[in-house]
Structure formats: C-alpha cells, structure tokens
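The values are calculated or read from the model by the stated rules, or taken from the named source; none is laboratory data. From a predicted model like this one, the values you see are computed outputs, not experimental measurements. Cβ: placed from backbone, ideal geometry, glycine included. Neighbour counts: every protein chain shown. With ligands, DNA and RNA removed, areas are computed over all heavy atoms of the protein, side chains included. Shrake-Rupley method; radii C 1.70, N 1.55, O 1.52, S 1.80 Å.
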Amino acid sequence: MLVIITPGILEAGHTGVDLSQRHNGYGKQLVDAVVAYARENGLKVIPDCGFVSILFNKYPERYGDIRGMR
C-alpha cells in the first residue's frame, strides 16, 4: 500500500495484492494494519484508494472514527 503521512493525516493510496492471492483477505488485513497504525498515532485516514474507500463505506462502524476528509 502506498501511504503518505502528513501532520495528523495518513493518505491511503493504491493497495495492491497479487492476482493469485486475491479473495484471501490480504487486502483487508493490510487496510486494518494501516488503520491500527493510524489509531495508535492519532492520525485520520483519507481513503484515496478505491478498495480502501469501499471498505470504509461498507463498514462505517469499523472505520468511521478514523476516516478523514479533504
């Protein structure tokens, strides 16, 4: 995952998982690890990646507190 960290913000950019490994939950594990890092460090996450945005929209109860806006 490509991330950019600025004061108070973590921009979650492109998330990539090898085609042979898709549908194994690795993308979600990656997003959850980035979200955990953001929470531990007091950052808001801006979901610039389509996959991250889909997860944030699908599970607002899980990610709503951490979602940042532009």
Accessible-area composition of the chain, carbon plus sulfur, in percent [1.4 Å probe] | 56 percent
Measuring with a 1.4 Å probe in the full set of protein chains, what accessible area per residue, in whole Å², belongs to the chain?
-> 64 Å²
Report, in degrees rounded to the nearest 10, the 0 to 90 angle that the Cα long axis of helix 26-40 makes with the longest principal axis of the chain.
-> 20 degrees
So, counting K/R as plus one and D/E as minus one, what does the shell of residues with Cβ under 14 Å around residue 47 add up to?
-> +2
May I ask for the equivalent-ellipsoid semi-axes of the chain, computed as the square root of five times each C-alpha gyration tensor eigenvalue and listed largest first in whole Å?
-> 20, 13, 11
